[in-house]
Amino acid sequence: MSGGNIQIMSITECFEPAAKQTVANVLGSSRVHKMKKFTFQGHTFDPAHLAHMYYEVTQGALNVKLDSSQSSSAYYKAGSNTLYIKFISANSITRQALIVHETTHALFDFKAAKMDIATSESIAYIAQCLYARANSTNSDPDARLYDEKSSKDKVFEVGWEIAGKLLNGGSLSGEDVSNMRGAVSQHPFYASKHGSTADFDGI
């Protein structure tokens, strides 16, 4: 038996291929194409571009890592082009929509888009709600994505309303933009930094 170095993979590393496949499955699904294109303060979200991120994941340009140490279920780091998730299976619309939210950040990072955090989060929350509302099997019109804390729920309340408008063939109004940015600015995660520049630096 040779005395070479033996490397042991951590449990997290063992499951990362499954996490990567989970993200790819969401982005490559026909469910993404049920979403609608929209423009928010000069920045256009197109579900076709989001579907293209499937290839960025499978080719390794967009990294996917497991991170169970964070309170957030998913987040994106522009500096390393990495999407972190706490789960390896997205068997619910809620989890799938969360992947859409974070991949929307990645999409605009890869474009090196210039925007503030309020705009970045507004677009991502609208995309998240669009995906969930377009693919929901619940016939209750009041059923939507939500957070139990009222300070965090406003982004879903406003985003869900905008998503319904877009899915019905409408477009964003100035009031929609103002309401969405206002909801983000009230969210405790972004209240102190919503006017700061998003750190999108390109691929």
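The values are calculated or read from the model by the stated rules, or taken from the named source; none is laboratory data. Computed from a prediction, not measured in an experiment: that's the story for all the values here. Neighbour counts are summed over all protein chains in view; Cβ atoms, including those assigned to glycine, are modelled from backbone coordinates with ideal geometry.
So the values come out like this:
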quantity: Members of region 101-138 found to be more than 18 Å from residue 161 (Cβ to Cβ), of a type outside the set (Ser, Thr, Tyr) and in a helix (DSSP H, G or I), listed by number; calculated: 102, 105, 106, 107, 108, 109, 110, 117
quantity: Matching option when the condition is farther than 20 Å from residue 28 by Cβ, touching a residue at least 12 places away in the same chain (Cβ under 8 Å) and of a type in the set (Ser, Thr, Tyr), among 69, 73, 89; calculated: 73
quantity: Lone unmet requirement of (1) surrounded by fewer than 16 Cβ atoms within 10 Å (Cβ to Cβ); (2) small (Gly, Ala, Ser); (3) not in a helix (DSSP H, G or I) for residue 178; calculated: (3)
quantity: Complete set of residues in region 78-106 that are more than 24 Å from residue 146 (Cα to Cα) and surrounded by 17 or more Cβ atoms within 10 Å (Cβ to Cβ); calculated: 78, 81
quantity: Condition check for residue 179: at pLDDT 95 or above and among the polar types (S, T, N, Q); calculated: yes
quantity: Hits in region 30-46 (condition: without any contact (Cβ under 8 Å) to a residue 60 or more places away in the chain and within 16 Å of residue 133 (Cα to Cα)); calculated: 30, 33, 37
quantity: Matching option when the condition is over 17 Å from the mean Cα position of the chain (by Cα) and aliphatic (A, V, I, L, M), among 198, 191; calculated: 191
quantity: Residue 172 being crowded, with 16+ Cβ neighbours inside 10 Å, in contact (Cβ under 8 Å) with a residue 24 or more places away in the chain, in a loop (DSSP other than H, G, I, E, B) and more than 17 Å from the chain's Cα centre (by Cα); calculated: yes
quantity: Selection count where residues are surrounded by fewer than 17 Cβ atoms within 10 Å (Cβ to Cβ) and assigned to a strand (DSSP E or B), scope region 18-62; calculated: 3
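For every residue, the table says whether it meets (1) under 17 Å from residue 199 (Cα atoms); (2) among the hydroxyl-bearing types (Ser, Thr, Tyr).
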| site | (1), (2) |
| --- | --- |
| 76 | yes, yes |
| 86 | no, no |
| 103 | yes, yes |
| 116 | yes, no |
| 119 | yes, yes |
| 129 | no, no |
| 148 | no, no |
| 153 | no, no |
